[in-house]
1. Is it true that some residue in the range 96-115 is surrounded by fewer than 20 Cβ atoms within 10 Å (Cβ to Cβ), in the same structural domain as Ile178 (by TED's automatic domain parsing), under 16 Å from Gly131 (Cβ atoms) and in contact (Cβ under 8 Å) with a residue 24 or more places away in the chain?
2. Within the set of pairs 6+ apart or on separate chains, which have a first residue in the range 344-366 that is more than 11 Å from Ile314 (Cα to Cα), a second that is assigned to a helix (DSSP H, G or I) and of a type in the set (Asp, Glu), and C-beta atoms under 6 Å apart?
3. Here is a check on your reading of the model: is Glu300 part of a helix (DSSP H, G or I), exposed (fewer than 11 other Cβ atoms within 10 Å of the Cβ) and either modelled with pLDDT of 95 or more or not assigned by TED's automatic domain parsing to the domain that holds Gly75 (or both)?
4. Among the helices (runs of 4 or more DSSP H) lying completely within the range 17-123, list those that include at least 3 residues that are touching a strand residue (DSSP E or B) at 6+ places or on another chain (Cβ under 9 Å) and closer than 30 Å to Asp374 by Cα.
5. Picking from Asp232, Asp274, Asp290, which residue would you name as being on the phi > 0 side of the Ramachandran plot and either among the charged types (D, E, K, R) or touching a helix residue (DSSP H, G or I) at 6+ places or on another chain (Cβ under 7 Å) (or both)?
6. Output yes when any residue across the range 7-16 is among the hydrophobic types (A, V, I, L, M, F, W, C) and within 30 Å of Phe193 (Cα to Cα), and no when none is.
7. Out of the residues in the range 137-175 that are over 21 Å from Asn92 (Cα atoms) and among the acidic types (Asp, Glu), state the one that is modelled with the lowest pLDDT.
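The values are calculated or read from the model by the stated rules, or taken from the named source; none is laboratory data. Source: prediction; values computed, not measured. As a convention, Cβ positions derive from the backbone with ideal geometry for all residues, glycine included, and neighbour counts pool all protein chains shown.
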Amino acid sequence: MSIDSSLESFLEDCPRILELNKHQQQRLALMVGQVEETVGIGHLVNCIADSTSMAGDGVIRCYVGFEPSGKAHIGWKVISLQLRRMLKADANVLIFLADWHAWVNDKFDGVMEDIQTTARYMEETFRALLGYPPEGDGPGQLRFVWASQIMDSGDYWARVLRCSKGATLPKVRKTFTIMGRDEASSDHDLSKFYYPAMQASDIFEMNIDVALGGMDQRKAHMFMRDVASRWDWNKPTCLHTPILSSLKSSGVRMESFDHKMSKSDPSGAILLHDGQKALRKKMQKHAYLDPVDPLSPVYELAEHVVLPEWGEIIVTPNPKFGEPSTWTELEDFKAAVADGRLHPLDAKLGVADGISRGLQSISEHFEKNPETLDAVSSLRK
């Protein structure tokens, strides 16, 4: 049987992929074909091949967790494009709003009311990003779960203790980057040492088959898989999406993710509420793009946001300086910038317009329903 090209690299670790029929392969390729990294694909393959799941009902459950911490940035768009693929592949998509985790991590100075106001805004944002899919616990459906909804269970806290058992303090400190903290930042606060165990427990508690997150969440997922090995629990498959660099970032990307886009530097970040004019201005003024450098946040945005959503980058320069052009391959786009066929400014604005096109649903939603956005905008950070 022929194999989908996006699955060939997994055959050595998981030869059972060859047992999947064409439809099953297509479903698997939708789930794993456009992520940065897949860890433990075997569980997902078994679910598809055997029509089973962690919950035993055959519904593949995909989880992604967020701390409610403020307005949305373009990284949510990267995640949402992957979530759309998961929904199309008939996974149940669970967006976990980690209100208590945000409290542990001192978001909004620990004011739970503000954290939960932001969580409600996040629900609306993701509904718009995902095109308002049907909601429920079935295949191809979306649901939202808050940490405060599952923490009332004594079983949950028993699981947190099991996830903590055997974890050394140095090992836990190494996971602190998942909170945006360095290893030496939290010796004064015991609650933060429970954060990795809480995140692992969330996944096990909700019978998750696929744990999705950015590459900056990899340490948390590896901690979770280590816990599963220790207790002989089934391990979910982990999917990791790329981390977008700050618009100002140049040079080699580091594993520390110090280069990543952050709301704390508004001029280097794209927010989902940036209008086309503001977005063009940010890209023109702040986005690093050197024709001789193959690395640029502009190329990252083209690769991970514009091309996956639209399949093309449309460049419309001032008629005085050139003709409109359409680019469907990233390498052709980069080559045109490098050899002078495409001016860097026109390339930046073409990518900006593609991003803006993909944010129209957000703009339209909050124009009609401004309440939660207004509430978040008024909060003290």
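1. no
2. Pairs found: Gly358/Glu309.
3. When the stated conditions are applied, Glu300 does not pass them.
4. Filter on the range 17-123 gives 75-88, 99-104.
5. Testing whether each residue is on the phi > 0 side of the Ramachandran plot and either among the charged types (D, E, K, R) or touching a helix residue (DSSP H, G or I) at 6+ places or on another chain (Cβ under 7 Å) (or both) leaves just Asp232.
6. There is no residue in the range 7-16 that is among the hydrophobic types (A, V, I, L, M, F, W, C) and within 30 Å of Phe193 (Cα to Cα).
7. Ranking the qualifying residues of the range 137-175, first place goes to Asp152.
Residue by residue, here is whether (1) on the phi < 0 side of the Ramachandran plot; (2) surrounded by 20 or more Cβ atoms within 10 Å (Cβ to Cβ); (3) aliphatic (A, V, I, L, M); (4) in contact (Cβ under 8 Å) with a residue 60 or more places away in the chain holds:
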position: Arg280; (1), (2), (3), (4): yes, no, no, yes
position: His304; (1), (2), (3), (4): yes, yes, no, yes
position: Val315; (1), (2), (3), (4): yes, yes, yes, no
position: Pro324; (1), (2), (3), (4): yes, no, no, no
position: Asp332; (1), (2), (3), (4): yes, no, no, no
position: Ala335; (1), (2), (3), (4): yes, no, yes, no
position: Arg341; (1), (2), (3), (4): yes, no, no, no
